[in-house]
Amino acid sequence: MLTLGLEEEFFVLYQGRPHMIGLTHLARLLRKDPHHYFTHSASNFTRGEGAKQGLMSALEVSTPVCTSAENVLHSLRLLRSQVASVIPTGLIAATGMFQRDDINNTAGLHIHLGVPVQDRERIYQNVAYFLPVLALATASSPFRGTEVFGPSYRMHGSYALGGITSDPYKRFQDLIITRRLGTIEVRVFDPVWDLERLEAIIRALVRVAELQDALPYRQEDYNRLRSQWTTQGLTPEMLQRARELHDTVGFDLKWVERTISDDLIELTAQQDYQHALRHLDSGYRTGTWQPSSTTDHPPAHHLSLEGWLTYYLPRFPYIAYKGIKENLKTSREK
């Protein structure tokens, strides 16, 4: 039986920037449901030169193991409701990157597929075959700094991603087999505020994973298409692959003909980027694509102390354990 799990990363922005108060948001989420959020939430920090502009990056929550697309979407709705309840201020932005040219400060949507070991290679390659189309359907990070880049600067340049290699266990690439869990993990997706869009993507992904025949996957084809969808979007070659996905599992082409990135570019041109962020905030909190009225004045820095003391430090041993397991080579690799 195929199982599913979803990890959703998002930014909480105060006048366009993350804030260390994010740790306190997570601390309050942890108190809401300690059993779940101790292992199903995370904080991320930026690195390198970008850290000089602020250490905080995306926050993360994840679903339990689910057995269907319906289950995982139901779990995600519940998670979003709980997240919104503990974050009364700050704009919640489910986007791959905000307007800062920093490939170390990104947010993603990761989907895990639990499949039988004997079928894993076939399913991995079948997913990889149609992944360019599904990835484009998630595109939500069109800016490189303040300039329009294309459908997804995050998918193009993030330190945590990369073209598919011959080693499926290599961590920082678009699609991997996880060392800790043994799942197939789709890492390339941008965050998606729109649950109707996300449902279509997840259902298509599951149907592709359930195909019994092997698709004609080639690593070099994937990496060539990668250079197209991240920068140009629906090229003729991408459209051909999208039509094939439609014919195979019924995926609606409207999800790649118009992306969230297109919406963000349009809103920013109409008014400004803050206007686009307010739409993302409303989309996440209410499911409605309209500007929110959420307060986003930066809080005092001392308020993040609660997060350090009651969230980050108590979880640090688990964070270290998880990091070791995710990077420790499996018996299949040795």
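The values are calculated or read from the model by the stated rules, or taken from the named source; none is laboratory data. Please read these numbers as outputs of a predicted model, since none were measured by experiment. Quick reminder, even Gly has a Cβ in these numbers, built from the backbone with ideal geometry, and neighbours come from all protein chains shown.
Points worth noting:
- Qualifying positions in segment 73-85 - over 17 Å from the mean Cα position of the chain (by Cα), in contact (Cβ under 8 Å) with a residue 24 or more places away in the chain and over 18 Å from Thr39 (Cα atoms): Ala84, Ser85
- Look at segment 233-258: where a residue is over 19 Å from Glu210 (Cα atoms) and among the small types (Gly, Ala, Ser) and a partner is modelled with pLDDT of 95 or more and surrounded by 15 or more Cβ atoms within 10 Å (Cβ to Cβ), sitting 6+ places away or on another chain with Cβ atoms under 6 Å, you get Gly233/Pro151.
- Filter pass, Thr106 being surrounded by fewer than 18 Cβ atoms within 10 Å (Cβ to Cβ) and touching a residue at least 24 places away in the same chain (Cβ under 8 Å): no
- Leu253 buried (at least 19 other Cβ atoms within 10 Å of the Cβ) and among the aliphatic types (A, V, I, L, M): no
- Some residue of segment 114-124 being touching a helix residue (DSSP H, G or I) at 6+ places or on another chain (Cβ under 9 Å), in contact (Cβ under 8 Å) with a residue 12 or more places away in the chain and over 30 Å from Gln99 (Cβ atoms): yes
- Of residues in segment 21-47 being at pLDDT below 95 and more than 18 Å from Tyr284 (Cβ to Cβ), the one farthest from the chain's Cα centre (by Cα): Arg47
- Output for segment 280-293, where each listed residue is surrounded by 13 or more Cβ atoms within 10 Å (Cβ to Cβ) and out of contact with any strand residue (DSSP E or B) (no Cβ under 6 Å at 6 or more places or on another chain): Ser282, Gly283, Arg285, Gly287, Trp289, Pro291, Ser292
- Only residues that are surrounded by 15 or more Cβ atoms within 10 Å (Cβ to Cβ), over 19 Å from Gly307 (Cβ atoms) and not small (Gly, Ala, Ser) were counted across segment 68-88, and they come to 5.
- Lone unmet requirement of (1) of a type in the set (Val, Ile, Thr); (2) closer than 14 Å to Thr259 by Cβ; (3) in a helix (DSSP H, G or I) for Val208: (2)
- Filter result for Leu303 (crowded, with 16+ Cβ neighbours inside 10 Å and touching a residue at least 40 places away in the same chain (Cβ under 8 Å)): no
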